[in-house]
1. Being surrounded by 19 or more Cβ atoms within 10 Å (Cβ to Cβ), within 7 Å of another protein chain (Cβ to nearest Cβ), more than 18 Å from the chain's Cα centre (by Cα) and within 22 Å of A:ILE26 (Cβ to Cβ) narrows it down to one of B:VAL17, B:VAL40, so name that one.
2. Out of B:ALA94, B:ALA49, report the one residue that is facing another protein chain (nearest Cβ under 7 Å), touching a Leu at 6+ places or on another chain (Cβ under 7 Å) and among the hydrophobic types (A, V, I, L, M, F, W, C).
3. When you scan segment A:138-151, do you find a residue that is closer than 30 Å to B:ARG15 by Cβ and in a helix (DSSP H, G or I), even just one?
4. Considering only segment B:88-98, state which residues are touching a helix residue (DSSP H, G or I) at 6+ places or on another chain (Cβ under 7 Å) and surrounded by fewer than 16 Cβ atoms within 10 Å (Cβ to Cβ).
5. Examine segment B:66-78 for a residue that is in contact with a helix residue (DSSP H, G or I) (Cβ under 7 Å, 6 or more places away or on another chain), at the interface with chain A (Cβ under 8 Å from one of its Cβ atoms), modelled with pLDDT under 95 and farther than 24 Å from A:MET183 by Cβ, and state whether such a residue exists.
6. If you scan segment B:42-65, which residues turn out to be more than 15 Å from A:PHE201 (Cα to Cα) and in contact (Cβ under 8 Å) with a residue 24 or more places away in the chain?
7. Just to be sure before I move on: is A:ALA75 within 11 Å of chain B (Cβ to nearest Cβ), under 24 Å from A:ILE43 (Cα atoms), small (Gly, Ala, Ser) and within 22 Å of the chain's Cα centre (by Cα) in the structure I sent?
8. Which residues, counting only those in segment A:173-201, are outside any helix (DSSP H, G or I) and more than 9 Å from chain B (Cβ to nearest Cβ)?
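The values are calculated or read from the model by the stated rules, or taken from the named source; none is laboratory data. Given the structure is predicted, the values throughout are model-derived calculations rather than measurements. Because the Cβ atoms are built from the backbone with ideal geometry, glycine has one as well, and the counts that use them run over all protein chains shown.
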Amino acid sequence: MGVSATTASDSGKAGLWAQHHHHDAISTRTLGFWLYMLSDAMIFAGLFATYAVLSHHYNAAGGPTPHDFIHPLYAYGETLAVFTSVLAYGGAMVALRRGHKGGVLAGLGLAFLLGAVFIGMEVNEFSHLLSIGISPERSGYLSAFFALVMTHGIHMAFGLLWMATMFFQVAFQGFTDKVVYRMLNLKVFWHFQAVIWVLVFSFVYMRGVL
Amino acid sequence: MGHGIENPLEHPEVRVVNGRGYLVSYAVSLLLMTLALGFVTQPALMPWALVGLSAAAAVAVLVQIILLFQLDFSETQVWTTVSFLLIVPLFIIAVGLTMWMFNALDARTMLAGMMMH
């Protein structure tokens, strides 16, 4: 199996098994982290499947159904916070490409603030639900609801912790190899939260209103 | 995929960042989620709510995945794209089969009777 045979193939197209390049840290670590995020997606697949099964009204066990406690406009506000935070992180990545440290710090700071707004809104929402007796142990439906939405929320909280760490690493270490691939991995992690939120917003919140 | 580049900012994984893609993704997905909100709050749109919601979510997810993760078949991104494509059937099997199995189960057990009361 010759390297020559691979390199002789059409160089205009990427060969999936092309052997003419070695693997540097940034490439391997970003691909490795991407595969990790895909396995994380399977956790969400499990949670969405559980939610789909338990969202039938008889699994509410006579307790509240989503129609009773979901406020669509409030959930839309959370959507705005998540999407804008993801856009701000995108701004940080554009600044990174240009090697502009101030831009990266500004983008990270804004993304952090908007992510914190989302977490604040979710904490407020859940504490209100708990205060009126809507809690995970009330019914199978509510167990699935809290498990799914809180798993996303916990991801967001860990993303914020990671973002705060990157803020200081960028500020004090500059654009080293390690800082750059961590920024790339956090990008994948943070943008992944927006994709999951689209599904949560559509199939838990909006679907629940119907 | 591999590169002997000294400056990490010159790495293809960094060069592939596309600000315009982020903006388009933001605008399109926000528009679609506004539409989803409209489907469940505007009485005129409610008859199509479930189909509309599902379509809006599917397009928003697709746009975000392609534009935010910059999926394409370039040398830098080809394995990212392929590994994503390989997980799509797993996702469909996990969610779709579970829903189908429990739907079929409900129809054959006493739960179907409970639903009628």
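1. Numbers: B:VAL40 fails: within 22 Å of A:ILE26 (Cβ to Cβ).
Every option except B:VAL17 fails the conditions.
2. Working: B:ALA94 fails: touching a Leu at 6+ places or on another chain (Cβ under 7 Å).
Unique residue meeting the criteria: B:ALA49.
3. Taking segment A:138-151 as the starting set, the residues that turn out to be closer than 30 Å to B:ARG15 by Cβ are none.
There is no residue in segment A:138-151 that is closer than 30 Å to B:ARG15 by Cβ and in a helix (DSSP H, G or I).
4. Looking only at segment B:88-98, we keep the residues that are touching a helix residue (DSSP H, G or I) at 6+ places or on another chain (Cβ under 7 Å), and these are B:90-91, B:94-95, B:98.
Across segment B:88-98, the qualifying residue is only B:LEU90.
5. The answer is yes, given that some residue of segment B:66-78 is in contact with a helix residue (DSSP H, G or I) (Cβ under 7 Å, 6 or more places away or on another chain), at the interface with chain A (Cβ under 8 Å from one of its Cβ atoms), modelled with pLDDT under 95 and farther than 24 Å from A:MET183 by Cβ.
6. The one that is more than 15 Å from A:PHE201 (Cα to Cα) and in contact (Cβ under 8 Å) with a residue 24 or more places away in the chain: B:VAL63.
7. On the way: within 11 Å of chain B (Cβ to nearest Cβ): yes; under 24 Å from A:ILE43 (Cα atoms): yes; small (Gly, Ala, Ser): yes; within 22 Å of the chain's Cα centre (by Cα): yes.
Here the answer is yes, as A:ALA75 does meet what is asked.
8. Going residue by residue through segment A:173-201, those that are outside any helix (DSSP H, G or I) are A:174-176.
Of everything in segment A:173-201, just one residue is outside any helix (DSSP H, G or I) and more than 9 Å from chain B (Cβ to nearest Cβ), namely A:GLY174.
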